[in-house]
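In what follows, a structure is listed as structure tokens, so that the remarks can point back to it.
Every number in this text was worked out from the coordinates using simple rules, so none of it is lab data. Nothing here was measured: the structure is a model prediction, and the numbers come from that model. All Cβ positions, even for glycine, are placed from backbone atoms using ideal geometry, and neighbour counts span all protein chains on display.
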Amino acid sequence: MSRIILKSAVVAFASVAVSLLLTLVVVPAMGFPVSRAVWLTATVCPLMLAWIASAGTFWQSDRLKNAHRELARAHAQLAAAHRRLSEKASRDDMTGMLNRETFFAALDGSRRKADRGALLIIDADHFKTINDNYGHLTGDDALLLIASAIERGVRSGDVLGRIGGEEFAAFLVGATGPEARHVAERIRREVELIRFRPVDERTVPLTVSIGGITCGESATVSELMRAADRRLYEAKHRGRNLSILDRDISEAA
């Protein structure tokens, strides 16, 4: 408010100066004497009118500026909230990995790339037994440990998702067949090294079976999932705690 008063005062006194200057020029030129009443009118009127008018103008201008700042701040907060909600909607609540829909969308978005990469499907072995013996909360603890092991096993830039209850997926961006096999085996070992002790310090082994496929340039998500699922089934059938990868669909055909 003090800033508005000061600015209004500057305008008012400038108006008085202009008014007095015009009075000294115009009134004598018209043949009238410059009396005390003329001096008073030339001083008081512009002082009061200019001060009031400019104060109102500056006050409205400040209100508009404040409203614009508040609007910009609210817009920024709304945009940040929208980003947080979008991010939350794309993530699995428990593990923080991408959810099924978002992971598949990322995989589908990689089509038409010659060096597309590889897809791994990672399934926790004997997980129903853990839930049945120790309860679902303990099962959730085991899943979190497995998810952390998967994150340690992949490379920077790879995309992870939880696509089922105890089933995870990793899209190894740009990975070759040998690189994908190396990552899959590293994930398998990381999980195998977990020392999970749900009760009474008794260690419960955790392992995963992994099926994978190097991604053909034009292969759809459904085609890749079916091919990787076949390798996963083979790993389960051969005793679990295995990683089995195939070359891409076009080469296998």
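A few notes on this one:
- Scalar couplings 3J(HN,Hα) for region 136-150, obtained by applying the Karplus form with A = 6.51, B = -1.76, C = 1.60 to θ = phi - 60°, are 6, 5, 5, x, 5, 4, 5, 4, 5, 5, 5, 4, 5, 5, 4 Hz; x denotes Gly and Pro.
- With a simple spin-label model that places each label point 7 Å from the Cα along the Cα-to-Cβ direction, the separation between residue 100 and residue 156 comes to 3.3 nm.
- Amide H partners (placed H, <5 Å) of residue 175, local residues excluded: 117, 118
- Approximating the spin labels as points 7 Å out from Cα along Cα→Cβ, the residue 226-to-residue 133 distance works out to 3.7 nm.
- Signed unit charges on C-beta, dipole axis of region 160-241, positive-most listed residue 164, 196, 224: 196
- Distance between the 7 Å Cα→Cβ label points at residue 199 and residue 182: 4.3 nm.
- Amide H partners (placed H, <5 Å) of residue 246, local residues excluded: 212, 213, 214
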